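The values are calculated or read from the model by the stated rules, or taken from the named source; none is laboratory data. Values in this document were obtained by computation on a predicted structure and should not be read as measured data. Here the Cβ positions follow ideal geometry from the backbone for every residue, glycine too, while neighbour counts run over all protein chains shown. Note: areas computed on protein heavy atoms with side chains; ligands, DNA, RNA excluded. Shrake-Rupley method; radii C 1.70, N 1.55, O 1.52, S 1.80 Å.
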Amino acid sequence: MGRSNCPLTHLAGEDELLVRWLNGGPGTRAGTEAYFRQCMEQWVTGGPLRAFGVRVGTQAALAGTIDLRFEMLGLASGQVNIAYGLYPAWRGRGLATHAVNLVCQYATAQGATQAVIQVDPENPASAAVAHRWGFTYATQLPDADGTRFDWYIRDI
């Protein structure tokens, strides 16, 4: 599929785990397309969100997404938040760990000095990605709706 079909590919790749751990609810075509437009606008305007597709193979198949937020509730100056999710067929191959490495390099080039990965305490796979890349547990904090997340932090 071409890049113009990325929202549809993303929506098709959504499963129960992405809904639970990353998306906050089932996606819709309209909502996914709006999110992709927002991501593109953030790149154009230099906004605080930088969203990347995780692409694999010679066909550059979309395997998931990873994004950086340079501004977010609870982040200190110089910190950037990393959020990632892979579609089911691509999990367990080290892709998320590799993607975290790449976005940390990008974030450093943009002036970030520390990366944060927020993980639901019941999501050990995401915590394992943070550990593999050298993030250490720092604290547990609630987000705006009261959901508690373990914060893993690493100097970059």
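Among the residues of region 97-156, which ones are touching a Cys at 6+ places or on another chain (Cβ under 9 Å), open to solvent by 20 Å² or more (accessible area, probe 1.4 Å) and of a type outside the set (F, W, Y)?
Answer for region 97-156, where residues must be touching a Cys at 6+ places or on another chain (Cβ under 9 Å), open to solvent by 20 Å² or more (accessible area, probe 1.4 Å) and of a type outside the set (F, W, Y): R154, I156.
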Exactly one condition in (1) part of a strand (DSSP E or B); (2) touching a helix residue (DSSP H, G or I) at 6+ places or on another chain (Cβ under 9 Å) is false for N81; which is it? (2)
Considering region 52-74 alone, what residues qualify as being surrounded by 14 or more Cβ atoms within 10 Å (Cβ to Cβ), modelled with pLDDT under 95 and in a loop (DSSP other than H, G, I, E, B)? M72, G74
Any residue in region 41-62 that's on the phi < 0 side of the Ramachandran plot: show its pairings with residues that are small (G, A, S) at Cβ separation under 6 Å, as long as the two are six or more apart or on different chains. V54/A63; V54/G64; V54/A99; V56/A63; L62/G53
Here the residues within region 63-79 that are of a type outside the set (S, T, N, Q) and free of Cβ contacts under 8 Å to residues at least 60 places away in the same chain are A63, G64, I66, D67, L68, R69, F70, E71, M72, L75, A76, G78
Considering only region 82-95, I want to know if a residue exists there that is surrounded by 14 or more Cβ atoms within 10 Å (Cβ to Cβ), out of contact with any Ser or Thr (no Cβ under 8 Å at 6 or more places or on another chain) and closer than 15 Å to Y152 by Cα. yes
Extreme residue, modelled with the highest pLDDT, among residues of region 2-51 that are open to solvent by 60 Å² or more (accessible area, probe 1.4 Å) and not in a helix (DSSP H, G or I): T28
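Have a look at L141, L86 and point out the one that is under 22 Å from L49 (Cα atoms), modelled with pLDDT under 95 and touching a helix residue (DSSP H, G or I) at 6+ places or on another chain (Cβ under 7 Å). Walk me through how you get there before you give the answer.
Working: L141 fails: touching a helix residue (DSSP H, G or I) at 6+ places or on another chain (Cβ under 7 Å).
From the options L141, L86, the qualifying one is L86.
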